[in-house]
Amino acid sequence: MSLLVVGSVALDSVETPFGARDNALGGSATYFSAAASLLTEVGVVGVIGDDFPIEELAFLRDRRVRLEGLEKVSGRTFRWKGKYGFDLNSAQTLDTQLNVFETFDPKLDEWARKADRIFLGNIDPELQLRVLDQVQNPKLVAADTMNFWISGKRAKLLELLKRVDVLLVNDGEARQLSGEANVLKAARAIAKMGPKYVVVKRGEYGALLLHGAETFHAPAFPLADVLDPTGAGDTFAGGFLGLLDRLNTTDVGALKQALVMGSTLASFTVEQFSMDRLRELSMVEVMARFGSFRALTHFDDLDAIS
Ligand code: AMP
């Protein structure tokens with residue numbers, strides 16, 4: 001199976017109540033591929049500038065991530081600057097510099113065009129559409145977006161939503177996109193815009209999956225030490241789609257496992273700044289935490305006392 005991601009490969013400057021990092025490795029495609037590559041074959045489409053420290057991506061190569069679609073052009077790499085308060089669920093964006101993304105025109109090679117599953121990471125919806133125009137009959141197309149594009153490129157985003165199977169957004173984005181305050185109502189309203197499956201990522205409150213009349217909820221793994229939530233959403237998406245690609249199905253059971261895999265992987269990302277935890281992560285650790293998730297959420301029916 002194969003999974004293509006298009007998204008940002010970035011240098012992030014992040015401040016949380018527990019520390020700060022400048023120009024650390026980040027970006028939606030980077031977090032996504034670091035997570036998904038633990039589960040399946042992943043290829044990246046994106047762009048970096050000539051200031052990008054390419055050795056930072058060596059660990060992705062070690063995980064056999066295809067980086068042939070990562071173009072290097074002259075100019076500055078995409079940069080994002082954000083800050084979190086004690087409520088680590090929402091980032092305050094201090095600065096977004098699109099830089100080389102402003103003129104990026106994604107061109108997919110043969111492998112990328114034939115990928116089984118596609119993740120259109122958080123970038124300009126016009127670029128997401130251009131990628132979609134080049135793929136050949138994928139089994140599943142998923143997309144992410146954020147407030148920056150919901151307010152800045154709404155019409156293009158709505159055009160995109162008609163062509164995706166899964167939209168993954170956080171609760172703030174779901175509310176902004178739908179105009180509904182209640183998350184369930186928001187997910188239902190988004191489903192009417194096109195996607196068959198809507199996943200709402202709710203930070204420390206877990207994630208919700210809506211599929212037709214069915215809903216499923218996975219909690220977030222309870223952690224005492226969260227240092228930096230940056231990338232949790234993209235890591236979640238990497239775990240979710242990575243597992244669906246590995247299992248090669250979207251039946252309801254697999255979707256539920258994928259939601260828990262997303263939560264499992266995201267729980268590692270937030271334990272350290274930038275990609276520090278994901279970089280070293282092994283499948284043995286992932287499977288152990290996936291198992292803890294089951295233990296944490298399993299309970300017996302009350303038939304025994306009826
Ligand atoms: P999240 O998983 O939602 O925490 O996403 C974090 C990543 O999104 C960061 O590493 C940023 O580099 C990246 N990012 C932030 N804003 C944008 C944007 N407007 N376009 C593309 N990527 C972005």
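Being closer than 20 Å to residue 171 by Cα and either acidic (Asp, Glu) or surrounded by fewer than 17 Cβ atoms within 10 Å (Cβ to Cβ) (or both) is the filter here; which residues of the stretch 224-250 pass it?
228, 234
Quick one: in the stretch 251-270, of everything that is open to solvent by 40 Å² or more (accessible area, probe 1.4 Å) and in contact (Cβ under 8 Å) with a residue 12 or more places away in the chain, which residue is farthest from residue 222 (Cα to Cα)?
Step by step, filter the stretch 251-270, then rank; the result is 252.
Filter the stretch 121-135 down to residues that are of a type in the set (S, T, N, Q) and buried (at least 23 other Cβ atoms within 10 Å of the Cβ) and give me whichever is farthest from the ligand (Cβ to nearest atom).
Checking each candidate, the answer is 128.
Given the conditions (1) in contact with a Leu (Cβ under 7 Å, 6 or more places away or on another chain); (2) within 12 Å of the ligand (Cβ to nearest atom); (3) outside any loop (DSSP other than H, G, I, E, B), which single one is not true for residue 77?
That leaves (3) as the condition not met.
Which pairs turn up if I take residues in the stretch 28-54 that are part of a helix (DSSP H, G or I) and look for partners that are modelled with pLDDT under 95 and among the β-branched types (Val, Ile, Thr) with beta carbon separation below 8 Å, at least 6 apart in sequence or on another chain?
So the pair list comes out as 28/123.
So residue 293 clears everything in (1) in contact with an Asp or Glu (Cβ under 6 Å, 6 or more places away or on another chain); (2) at pLDDT below 95; (3) among the aromatic types (Phe, Trp, Tyr) except one condition, right? Which one?
Of the numbered conditions (1) in contact with an Asp or Glu (Cβ under 6 Å, 6 or more places away or on another chain); (2) at pLDDT below 95; (3) among the aromatic types (Phe, Trp, Tyr), the odd one out for residue 293 is (1).
Quick one: residue 195 ticks every box in (1) closer than 23 Å to residue 46 by Cα; (2) open to solvent by less than 60 Å² (accessible area, probe 1.4 Å); (3) part of a loop (DSSP other than H, G, I, E, B) except a single one, so which number is it?
For residue 195, the failing item is (1).
If I go through the stretch 136-157 residue by residue, how many of them are within 27 Å of residue 243 (Cα to Cα), away from the ligand (no atom under 16 Å from the Cβ) and outside any loop (DSSP other than H, G, I, E, B)?
2
Of the conditions (1) in contact with a strand residue (DSSP E or B) (Cβ under 7 Å, 6 or more places away or on another chain); (2) in contact (Cβ under 8 Å) with a residue 60 or more places away in the chain; (3) part of a helix (DSSP H, G or I), residue 187 satisfies every one except a single condition; which number is it?
The one condition residue 187 does not meet is (2).
Considering only the stretch 86-120, state which residues are away from the ligand (no atom under 11 Å from the Cβ), in contact (Cβ under 8 Å) with a residue 60 or more places away in the chain and part of a loop (DSSP other than H, G, I, E, B).
Scanning the stretch 86-120 gives 86, 106, 108, 114, 115, 116.
Considering only residues that are out of contact with any helix residue (DSSP H, G or I) (no Cβ under 7 Å at 6 or more places or on another chain) and within 13 Å of the ligand (Cβ to nearest atom), which ones fall in the stretch 230-258?
230, 233
Given the conditions (1) within 15 Å of the ligand (Cβ to nearest atom); (2) within 13 Å of the chain's Cα centre (by Cα); (3) within 24 Å of residue 105 (Cα to Cα), report the number of the one that residue 4 does not fulfil.
(1)
Being in contact with a Leu (Cβ under 9 Å, 6 or more places away or on another chain) and not hydrophobic (A, V, I, L, M, F, W, C) is the filter here; which residues of the stretch 184-205 pass it?
Once the filter is applied, which keeps residues that are in contact with a Leu (Cβ under 9 Å, 6 or more places away or on another chain) and not hydrophobic (A, V, I, L, M, F, W, C), the stretch 184-205 yields 188, 194, 195, 197, 201, 202, 203, 204.
How do the pairs read when you match residues in the stretch 224-247 that are under 15 Å from residue 1 (Cα atoms) with residues anywhere that are near the ligand (Cβ under 8 Å from one of its atoms), using Cβ under 7 Å and keeping only pairs 6 or more apart or on different chains?
238/31
For residues in the stretch 59-92 being polar (S, T, N, Q) and at pLDDT 95 or above, which is most open to solvent (accessible area, probe 1.4 Å)?
74
Test residue 176 against the criterion of being open to solvent by 70 Å² or more (accessible area, probe 1.4 Å) and either charged (D, E, K, R) or not in a helix (DSSP H, G or I) (or both), and give yes or no.
No.
The values are calculated or read from the model by the stated rules, or taken from the named source; none is laboratory data. On a predicted model such as this, the values are computed, not experimentally measured, just so you know. Methodologically, a virtual Cβ is constructed for each residue, glycine included, from the backbone with ideal geometry; neighbour enumeration extends over all protein chains shown. Remember, those area values only see protein heavy atoms, side chains included, never the ligands or the DNA or RNA. Shrake-Rupley method; radii C 1.70, N 1.55, O 1.52, S 1.80 Å.
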